[in-house]
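These notes concern the structure reproduced below.
Nothing in this text is a laboratory measurement; each read-out follows from the coordinates by a stated rule. Keep in mind the model is a prediction, meaning the values are calculated, not measured. Heads up, the Cβs are rebuilt from the backbone with ideal geometry, glycines too, and the neighbour counts pull from every protein chain shown.
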Amino acid sequence: MLSSIVFRFYLLLKKEAKWGEFDLPDIYTRYARKLFENLIKKFINHLNSHNVAVKMIKLAIVGIGNCASSLIQGIYHYENKNKDQCVGLLNYKIDNYKPSDIDIVAAFDIDERKVGKDVSEAIFAKPNNTKIFFENIPKIGTKVLRGTTFDDFPQHMNDYDENIRFKESPEKPVDVVKILKETKPYFLLDLC
């Protein structure tokens with residue numbers, strides 16, 4: 001039953017993502033936090049309405065860029081803090097869930113500097129340039145897998161500095177559906 005709602009939340013996330021009106025460098029952390037908190041609230045309401053309880057919120061992420069970096073840094077930044085120490089976090093707990101109850105079970109990207117690395121390393125790889133506010137992230141145990149390039153890779157991007165452009169991985173894309181079936185996330189968060 002839980003896997004059947006992943007796609008509905010994915011569609012909801014895509015519907016709410018309106019990047020055009022924001023100044024991207026200043027909005028990553030706030031946007032990722034607000035969007036994910038709203039998503040978690042809807043998820044918990046769904047679980048409660050069906051009398052279902054889960055211990056960890058299993059999450060798969062597509063696109064290990066700036067928003068993913070901010071989200072994952074935030075999970076570990078708030079991990080061992082009490083409610084009074086959580087400055088900047090709108091909700092310390094949502095129902096009985098805290099940031100430390102989020103488990104990254106799958107991650108996908110196309111950049112060769114991220115593919116094959118543990119998520120804890122990949123979030124700091126170029127071309128990511130979001131603010132680093134918590135860098136002591138332990139190994140998560142989830143490697144970033146090569147996702148599919150759906151929109152093609154424009155060759156003119158090779159003319160830009162490597163620090164601000166993607167470097168498409170030569171690895172063969174994985175079967176994303178198969179990985180999602182194996183890891184069974186409750187959410188597929190598309191941050192591309």
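Compared with the rule-of-thumb size 2.2 N^0.38 Å for a compact globular protein, region 60-123 has a Cα radius of gyration ratio of 1.23. Most simply put, region 40-192 has about 20% antiparallel DSSP beta bridges, counting only bridges with both residues inside it. Which entries in the list LYS98/LYS172; LYS131/LYS181; LYS34/LYS83; LYS42/LYS167; LYS93/LYS178 go over 28 Å, if you measure between the two C-alpha atoms of each? Too far apart for the 28 Å limit: LYS98/LYS172; LYS131/LYS181; LYS42/LYS167; LYS93/LYS178. A P(r) calculated from all alpha carbon pairs of region 55-163, with 10 Å bins opening at zero, reads 14, 42, 29, 12, 3 percent. Straight Cα distances below 17 angstrom link LYS139 to the aspartates and glutamates GLU79, ASP101, ASP103, ASP118, GLU121, with same-chain residues fewer than 8 positions distant left out. Listed by chain and number, the aspartates and glutamates placed with their C-alpha closer than 15 angstrom to that of LYS114 are GLU162, GLU168, GLU171; residues fewer than eight positions away on the same chain are left out. Taking amide H as placed 1.01 Å from N in the peptide plane, ALA107 has its amide H under 5 Å from the amide H of ILE61, LEU145, each at least 5 places away in sequence or on another chain. Extension gain for GLU79-LYS41 works out to 11.8 nm (0.36 nm per residue, less the C-alpha to C-alpha distance). All other residues whose Cβ lies under 12 angstrom from that of ILE61 are scored, Lys and Arg at +1 and Asp and Glu at -1, for a net of -1.
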